[in-house]
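Participant: Take a look at this one; I'll ask things after.
The values are calculated or read from the model by the stated rules, or taken from the named source; none is laboratory data. Only a predicted model underlies this, so the values are computations on that prediction, with no experimental measurement involved. For neighbour counting, all protein chains shown are included, and Cβ atoms are generated from backbone atoms with ideal geometry for every residue, glycine included.
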Amino acid sequence: MQSDNLRRFKSVLYGLLIGLAVGMVVSLFRVSIEGLSDQFLKLAKLARTNFFVLIILIILNLLIAFFVYYLVKRDKNIKGSGIPQVEGQLNGELDYSWFSVLSKKFIGGVLAISSGLFLGREGPSIQLGAELQLRD
């Protein structure tokens, strides 16, 4: 009986710690997107009246697109929403370096979403959280 209670307590504590870690990572992800998006919006407003700023904005977006493409080419598990990758891990069909995926997905997601590239926030948030939780 004592060991069951201790096991439950450890499970609850583990869940609490994972929940806090996931919450912090996803919150940082969303705050980073908002902060960088504000900077891109300021540049876009300036670009309406300044051709030089427009050229800089276009070059910056192209560089970000190529960088995110490079990240995806190096690690296929960061592309898309991440939900199929999470399902694959849960089913035991996929196994990969969680920190590599977490860091690349975080950086690539922040850059891509903030610059206005077509990408939603929810799927990457799910994969970022799952990368932390699935590591026992």
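Participant: Can you name the condition, by its number, that ARG74 falls short on among (1) within 14 Å of the chain's Cα centre (by Cα); (2) of a type outside the set (Gly, Ala, Ser); (3) over 18 Å from SER37 (Cα atoms)?
Facilitator: Every listed condition holds for ARG74 apart from (1).
Participant: Still on this model: Which numbered condition in (1) among the polar types (S, T, N, Q); (2) under 29 Å from ALA47 (Cβ atoms); (3) modelled with pLDDT under 75 is the only one that GLN127 fails?
Facilitator: (2)
Participant: Ok, one more. Hey, can you tell me all the residues within the range 1-57 that are closer than 26 Å to PHE99 by Cβ and among the aromatic types (Phe, Trp, Tyr)?
Facilitator: Answer for the range 1-57, where residues must be closer than 26 Å to PHE99 by Cβ and among the aromatic types (Phe, Trp, Tyr): TYR14, PHE29.
Participant: Tell me yes or no: at least one residue of the range 73-94 is assigned to a helix (DSSP H, G or I), at pLDDT 90 or above, among the charged types (D, E, K, R) and surrounded by fewer than 17 Cβ atoms within 10 Å (Cβ to Cβ).
Facilitator: Taking every residue of the range 73-94 in turn, at least one turns out to be assigned to a helix (DSSP H, G or I), at pLDDT 90 or above, among the charged types (D, E, K, R) and surrounded by fewer than 17 Cβ atoms within 10 Å (Cβ to Cβ).
Participant: Restricting to the range 7-19, and then to whatever is among the aliphatic types (A, V, I, L, M) and surrounded by 11 or more Cβ atoms within 10 Å (Cβ to Cβ), can you tell me which residue is farthest from the chain's Cα centre (by Cα)?
Facilitator: In this case the residue turns out to be LEU17.
Participant: Kindly indicate whether SER27 is among the polar types (S, T, N, Q), modelled with pLDDT of 90 or more, surrounded by 11 or more Cβ atoms within 10 Å (Cβ to Cβ) and at negative phi.
Facilitator: When the stated conditions are applied, SER27 passes them.
Participant: Would you check if there is a residue in the range 32-43 being assigned to a helix (DSSP H, G or I), hydroxyl-bearing (Ser, Thr, Tyr), surrounded by 14 or more Cβ atoms within 10 Å (Cβ to Cβ) and out of contact with any Phe, Trp or Tyr (no Cβ under 9 Å at 6 or more places or on another chain)?
Facilitator: Yes, the range 32-43 has at least one match.
Participant: Checking ILE56 against (1) in contact (Cβ under 8 Å) with a residue 12 or more places away in the chain; (2) β-branched (Val, Ile, Thr); (3) not in a helix (DSSP H, G or I), which single condition isn't satisfied?
Facilitator: Evaluating ILE56 over (1) in contact (Cβ under 8 Å) with a residue 12 or more places away in the chain; (2) β-branched (Val, Ile, Thr); (3) not in a helix (DSSP H, G or I) leaves (3) as the failure.
Participant: Follow-up. Take the range 7-37 and flag every residue that is more than 17 Å from GLY108 (Cα to Cα) and not hydrophobic (A, V, I, L, M, F, W, C).
Facilitator: Within the range 7-37, ARG7, ARG8, LYS10, SER11, TYR14, GLY15, GLY19, GLY23 meet the criteria.
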